[in-house]
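First the structure, in the form of structure tokens, and then the observations on it.
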Amino acid sequence: MYHPYFRGKQFELITIREMAPLLAKSNFVPIIEPVREALKGLERTLTEICKVDGKAIVIVNPFHGDHAEDGVSISALLKGGFLDKGGITAGILLQNDMGTNDALACYEAHKDHHPTFIHAGFTEAKALAEVLGEALSDTNHVFFEKHCHKLYRKHFKGAAKRVLLRDGFQRRRNADHPPIELFSDLHVTYEEEDMDGFGDFLIVGDDYVEGGGPAYAVAIHLTFIDPDKDEVMYIYHFVSTTKDTPTDPAGKFAQALSKLIQQLDGGTSHLFYSSAIKEFRDLHEKGHFPGLGYVKKLSMNHHIETLADFLA
């Protein structure tokens, strides 16, 4: 049903490992685009997923990161240790620089691995559907919404499973985030879109950034579902008061965290009381700054826990 899309940086992989039991229990299937040359973290993550009989889709031809030119080592990792475990399958990323023959060649190479086509700029939908022919009904398809309009998706109507990915996170400077804004309604409307499932890019967004600069402002991003507004998902941006200096990230985190705790204590935040929220409270009480990567991980954990609770 729910397919969170991760680029395989350190804290994204840690989130998947920590959430593996909940992901499996909820029948959530993460999509992982490996972007780091070293694959040990990915291997550990897939091992944790297999331990709990979970599922994951691993992209074998990433567009971003260290494997963009050659995904052979990813395919080798899957073949060597995971493709005999039914829950781990290959993902084929269809970009605008690929033609139907390229897509088909990648499909044939991973045919035994129950591949999922992930449409992210590909322009030959009709041709690919025609070439797949009767095999279409055995294939799964994930569509980046910004690249795949309804007529594009219609070509794959006979597929076994179709999933729509929407980027609900608006990327901008932390200092420029509003306190609250719309995130998505896809968790309640995906069936109206004639889809079998939905996905998003959590609180990270689709835009790939290799490394961040100094944090002039620190923001904590937390999603919530509002029962008073048709159960639409919104996102809070708790932004530090200090925004004009690259120094003191710990102090800025404390400012942002104080805003989060104040919102929680107001009693009308609608934030699901996840394990991540409990940890934010604990950090506030201790006055501890765990690092910005860890803060992002907590926000991703919270997002998954929120959707798991809603869809339970």
Taking H placed 1.01 Å from N in the peptide plane, check which residues at least 5 places from Asp200 or on another chain put their amide H under 5 Å from its amide H. His3, Tyr5, Arg166
Projected-area average for the chain over all orientations - Cα convex hull basis, square nanometres: 15.8
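When only Cα pairs under 8 Å and 6 or more residues apart are kept, what is the percent relative contact order across the chain? Can you show the working numbers first?
Numbers: 566 pairs, mean separation 44.5, N = 312.
Relative contact order here is 14 percent.
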Under 12 Å Cα to Cα from Lys154, which aspartates and glutamates show up? Leave out anything in the same chain fewer than 8 places away. Glu193, Asp194
Could you compute how fast segment 196-284 diffuses translationally, taking Rh as the Kirkwood radius over C-alpha pairs and applying Stokes-Einstein at 4 °C with viscosity 1.567 mPa s? Give it in µm² per second. 88
For the chain, give me the percentage of DSSP beta bridges that are antiparallel, rounded to the nearest 5 percent. 30
With a 10 Å radius around each residue's Cβ, average the other Cβ atoms per peptide and rank 296-302, 48-54, 187-193, highest first. 296-302, 48-54, 187-193
Magnitude of the Cβ-charge dipole (Lys and Arg +1, Asp and Glu -1) of the chain about the Cα centre, nearest 20 debye, reported as 560
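May I ask for the percentage of alpha-carbon pairs in segment 2-165 that lie more than 28 Å from each other?
Numbers: 2177 of 13366 pairs.
For segment 2-165, the share of Cα pairs beyond 28 Å comes to 16 percent.
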My understanding is that a pair violates if its Cα-Cα distance is over 28 Å; which of Lys126/Lys296; Lys126/Lys146; Lys85/Lys278 do that in this structure? Lys126/Lys296; Lys85/Lys278
Where labels lie 7 Å past Cα in the beta-carbon direction, separation of His147 and Leu311 in nm: 2.2
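Can you order the peptides 100-108, 9-17, 224-232 by their average number of other Cβ atoms within 10 Å per residue, highest first?
Working: 100-108: 16.7, 9-17: 21.1, 224-232: 13.9.
Put in order of decreasing packing, that is 9-17, 100-108, 224-232.
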Computed E for Asp70/Ser275 - FRET, C-beta separation, R0 30 angstrom, nearest 0.05: 0.20
Segment 219-311, dipole about Cα centre (Lys/Arg Cβ +1, Asp/Glu Cβ -1), debye to the nearest 20: 380
Tilt relative to the chain, helix 10-25 - C-alpha long axis, 0 to 90 degrees, to 10: 80
Dividing the mean separation of Cα pairs under 8 Å (6+ apart) by the residue count of segment 2-165 yields a relative contact order in percent of 16
Quick one: what are the phi-derived ³J(HN,Hα) couplings along segment 195-203, Karplus 6.51/-1.76/1.60 with θ = phi - 60°, whole Hz, x for glycine and proline? 10, 8, x, 9, x, 7, 10, 6, 9
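Quick check on packing: order 123-130, 285-292 by the mean number of other C-beta atoms within 10 Å, highest mean leading.
Details: 123-130: 17.9, 285-292: 12.5.
In descending order of packing, they fall as 123-130, 285-292.
How large is the convex hull of the C-alpha atoms of segment 70-124 per residue, in Å³? Intermediate results must be reported in sequence, preceding the final value.
Numbers: hull volume 4.0 nm³, N = 55.
Measuring per residue, one finds 72 Å³ for the Cα hull of segment 70-124.
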Leu94's amide H: which non-local residues (gap 5+, or another chain) put their own amide H closer than 5 Å, with H modeled 1.01 Å from N in plane and none for Pro or chain starts? Ile118, His119, Ala120
Whole-Å distance linking the alpha carbon centroid of segment 81-107 with that of segment 195-274 is 34
Which is farthest toward the positive dipole end of the chain among Leu264, Leu202, Val142, measuring Cα position about the Cα centre, with Cβ charges +1 (Lys, Arg) and -1 (Asp, Glu)? Leu264
Treat every Asp and Glu Cβ in segment 2-165 as -1 and every Lys and Arg Cβ as +1, leave all other atoms uncharged, and give the resulting dipole magnitude about the Cα centre to the nearest 20 debye. 680
Would you be so kind as to identify which of Ala250, Leu222, Val232 lies farthest towards the positive end of the dipole of the chain, taking Lys and Arg as +1 and Asp and Glu as -1 on Cβ and the Cα centre as origin? Ala250
Ranking Tyr5, Ser275, Thr116 by how far each Cα lies towards the positive end of the charge dipole of the chain (+1 on Lys and Arg Cβ, -1 on Asp and Glu Cβ), the top one is Ser275
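Any read-out appearing in this document is the output of simple, stated calculations on the displayed coordinates, not a laboratory observation. Since the structure is predicted, the reported quantities are computational estimates derived from the model, not experimental observations. Here the Cβ is made from the backbone with ideal geometry for all residues, glycine too, and neighbour counts use every protein chain on show.
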